[in-house]
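This report refers to the structure that appears directly beneath it.
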Amino acid sequence: MNTLAYGYALDVVTEDFPPFQYLDKNKKVQGMATEVVRLVLKEAGIKAEIRMYPWARAYKRALQETNVLIYSIARTREREHHFKWIGTITPYSVYLWKLKKRKDIQIHKIEQAKQYLTGGVPKDVKLDYLLGYGFEVGDHLILSKSDVQNLIMLANERIHLTPFDEIAFSYSVKQLGYDIADFERALYIEELSSELYMAMSILTPEDLVYTLRKALEKVKGSGQYDNIRQKYLNNTTD
């Protein structure tokens, strides 16, 4: 049961998206973004359990329920008025990735990727981006429940491309025991690349939102945010 904060019960939801958030061997949620979120909650004087779901379920809870904190979430025009945005917590650089041996796959703009089969995740901003460019499930896209599953399908040549954050891709390749030299970037997706956020469901009271925003500012101002970020960046680029 989550501790009441300012008279409100707060739920925290996320997805499996290493190294930003993932389950360790003890089934506890860890990761770069998770460490930041926990510091923010501590600074705000809030104790809340972090629950991990498939992205579509986590997103639905944050979209439809009250006092739900979701991370790590991309801030887009379509999502802008559906959430109360607390602030940025991780860098985010998205590329289409392919197997290095597929020299025939040469992409200079996103429309050219329609020649190939690309992996996607329901309710994910990367899938929404591709759908916006006319990609269709079945013809151009195969859906799975996570980016990691799409990476596995890419490695097994079941798909040709998958959109993936650069830090998360490097980390996931290592965790799965693959060789990063077997993959390469096919296209940088600038429109999706920025930073990921922590956000609250739209009906969250303003005093709670304000408290969380101020807590995040203090975490960043103290240097703790930069220390966490550097620790994970060093681990994924070794």
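The values are calculated or read from the model by the stated rules, or taken from the named source; none is laboratory data. In this text the structure is predicted, and so the values were computed from the model without any measurement. Backbone-built Cβ (ideal geometry, glycine too); neighbour counts: all protein chains shown. Accessible surface is based on the protein model in full, side chains and every heavy atom, while ligands, DNA and RNA are left aside. Shrake-Rupley method; radii C 1.70, N 1.55, O 1.52, S 1.80 Å.
In table form, for the structure just shown:
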{"quantity": "Gained length - L131 relative to T76, 0.36 nm times residue gap less alpha-carbon distance", "calculated": "18.4 nm"}
{"quantity": "The stretch 1-96, accessible surface, carbon-and-sulfur percent (1.4 angstrom probe)", "calculated": "47 percent"}
{"quantity": "Loop sites in the stretch 113-189: GluC sites (Glu not before Pro), DSSP, at most 11 other Cβ within 10 Å", "calculated": "E136, E157"}
{"quantity": "Bins of 5 Å from zero: percent of alpha-carbon pairs in the stretch 1-118", "calculated": "2, 9, 17, 19, 17, 12, 9, 7, 4, 3, 1, 0"}
{"quantity": "Links that overshoot a 24 Å alpha carbon limit, given the list K60/K145; K27/K218; K27/K100; K98/K220; K47/K84", "calculated": "K27/K218; K27/K100; K98/K220"}
{"quantity": "Relative contact order (%) - criterion: Cα under 8 Å, at least six apart; region: the chain", "calculated": "31 percent"}
{"quantity": "Accessible area in the full protein assembly, largest first, 1.4 Å probe, for K174, K126, K27, K218", "calculated": "K27, K218, K174, K126"}
{"quantity": "Per-residue ³J(HN,Hα) for the stretch 35-45, Karplus 6.51 cos²θ - 1.76 cosθ + 1.60, θ = phi - 60°, Hz, x for Gly and Pro", "calculated": "4, 5, 4, 5, 5, 5, 4, 5, 4, 7, x"}
{"quantity": "Gain upon complete extension [L23, S194; 0.36 nm per residue less C-alpha separation]", "calculated": "59.1 nm"}
{"quantity": "Crossing angle, helix 166-175 versus the chain [Cα axis fit, 0-90 degrees, rounded to tens]", "calculated": "80 degrees"}
{"quantity": "Relative contact order for the stretch 1-120, counting Cα pairs under 8 Å that sit 6 or more residues apart, in percent", "calculated": "26 percent"}
{"quantity": "Karplus-derived HN-Hα couplings along the stretch 18-24 (A = 6.51, B = -1.76, C = 1.60, θ = phi - 60°), whole Hz, x at Gly and Pro", "calculated": "x, x, 6, 7, 6, 8, 7"}
{"quantity": "³J(HN,Hα), Karplus 6.51/-1.76/1.60, whole Hz, each residue of the stretch 111-128, x for Gly, Pro", "calculated": "4, 5, 6, 5, 5, 10, 9, 10, x, x, 10, x, 6, 8, 4, 5, 5, 4"}
{"quantity": "At most 10 other Cβ within 10 Å, DSSP loop - GluC sites (Glu not before Pro), the stretch 1-88", "calculated": "E78"}
{"quantity": "Share of carbon and sulfur in the accessible heavy-atom surface of the stretch 175-238 [1.4 Å probe, %]", "calculated": "46 percent"}
{"quantity": "Stretchable slack from T66 to K145, in nm (0.36 nm times residue separation minus alpha-carbon distance)", "calculated": "26.0 nm"}
{"quantity": "Degrees, to the nearest 10: 224-237 long Cα axis against longest axis of the chain", "calculated": "20 degrees"}
{"quantity": "Percent of beta bridges antiparallel (DSSP, the chain, rounded to nearest 5)", "calculated": "70 percent"}
{"quantity": "Residues of the chain: accessible area per residue with a 1.4 Å probe, Å²", "calculated": "49 Å²"}
{"quantity": "Mean separation of Cα contacts under 8 Å (6+ apart) over length of the stretch 77-217, as relative contact order %", "calculated": "47 percent"}
{"quantity": "Local electrostatic count at P54 - Lys and Arg +1, Asp and Glu -1, tallied over other residues with Cβ under 14 Å", "calculated": "+2"}
{"quantity": "Cα centre as origin, Lys/Arg/Asp/Glu Cβ charges: the stretch 6-119 dipole, Debye", "calculated": "480 debye"}
{"quantity": "Where N is the number of residues in the stretch 98-170, Cα Rg divided by 2.2 N^0.38 Å", "calculated": "1.01"}
